[in-house]
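*Asks:* If you scroll down you'll find the structure; I have some questions about it.
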Amino acid sequence: MYRAAARPSSRRDTALFAGCVALSLLLLFIPTAWTGAFADSARETALRPVLWLQRRGAEGRTSRARLEAALATRDSAVMAASAAEAAAHENERLRALLDLRSRAPLAFLTAEVLHQPLPTDGRTLLLGVGTGDGAAQFQPVIAAEGLVGVIGRVGPTTSVVTTWAHPEFRASAVTENGEVLGIVAPVAGGDPGLGLLEFRGVAYRDTVPDHSVVVTSGLGGVYPRGLPIGRILGVRREELGWERVYRLIPFVNLGVVGQVLLLHPPEAEAALHRDSLP
């Protein structure tokens, strides 16, 4: 009697398993552009409760740290407020004397990281902001230590960041002193778990000392100038008479980053600045 009752359930499980296998095989062969759209659709429908739980968990992890930090800095902030106000008035007087206009502030959007990658899976990050919050594709993403990456895909409530560990990541960069220009990219054919980048395209006649800081150059129209990327750790390889490729240690550890800022692209910042002028 129990076997007869369990037989339909067993058939349903078998059919469900076969359907999942067929769907998996289908997703393996569909174009890459479709997979991104399918992932965004699934994230906004079936996985939405899971994302809600991740967002609440991220808020819970940071709320206590924020409270402790706020209590620790409250007293010092009160003391510093009067000095900051006096400095602001003095700065305004100096600008008036020099006939300088105040620059428009750099607009940004704060975001929580809903998915922190494993050491071997640091190519993308999932953020808890979307188009409804003001996020847009190709916005630079930074942490307190430096550059994280750029927004690759945006949904109504979430965004996917293409980090510096992604094989398609590229950024025009320059040494901090402005003397050597090159391109920062992930290690060719390397393991993202190693956490290394390459500073490519450096002219063979140029030499970059170890421990030199590399920042974004502002070229390319995506990343503003001066965002810290990493520090030089020796020559990775050389092509005689052509170029040197340096090993670069990134400043941002993707496995522990929890909060990020989304910056407006340079052209958007320039538009804000133009709008502030008479």
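The values are calculated or read from the model by the stated rules, or taken from the named source; none is laboratory data. Keep in mind that what you see is a predicted model, and the values were worked out from it rather than measured. Here the Cβ positions follow ideal geometry from the backbone for every residue, glycine too, while neighbour counts run over all protein chains shown.
*Asks:* Do we find that Pro117 is modelled with pLDDT of 90 or more and either more than 11 Å from the chain's Cα centre (by Cα) or not assigned by TED's automatic domain parsing to the domain that holds Ile232 (or both) in this structure?
*Replies:* It is false that Pro117 is modelled with pLDDT of 90 or more and either more than 11 Å from the chain's Cα centre (by Cα) or not assigned by TED's automatic domain parsing to the domain that holds Ile232 (or both).
*Asks:* Restricting the search to segment 202-214, which residues are surrounded by 16 or more Cβ atoms within 10 Å (Cβ to Cβ), at pLDDT below 95 and outside any loop (DSSP other than H, G, I, E, B)?
*Replies:* Passing the criteria: only Val202.
*Asks:* Related question: Can you tell me which of Phe138, Phe199 is modelled with pLDDT of 90 or more and within 16 Å of the chain's Cα centre (by Cα)?
*Replies:* Unique residue meeting the criteria: Phe138.
*Asks:* Could you check segment 134-189 and list, in sequence order, the residues that are assigned to a loop (DSSP other than H, G, I, E, B) and of a type in the set (Lys, Arg)? Give the steps one after another, and end with the answer.
*Replies:* Pass one, segment 134-189, residues assigned to a loop (DSSP other than H, G, I, E, B): 134-139, 143-146, 155-158, 164-170, 176-180, 187-189.
Result: Arg170, single match.
For every residue, the table says whether it meets (1) modelled with pLDDT under 75; (2) among the polar types (S, T, N, Q).
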residue: Arg3; (1), (2): yes, no
residue: Ala22; (1), (2): no, no
residue: Thr32; (1), (2): yes, yes
residue: Ala42; (1), (2): yes, no
residue: Leu47; (1), (2): yes, no
residue: Gly57; (1), (2): yes, no
residue: Arg66; (1), (2): yes, no
residue: Ala70; (1), (2): yes, no
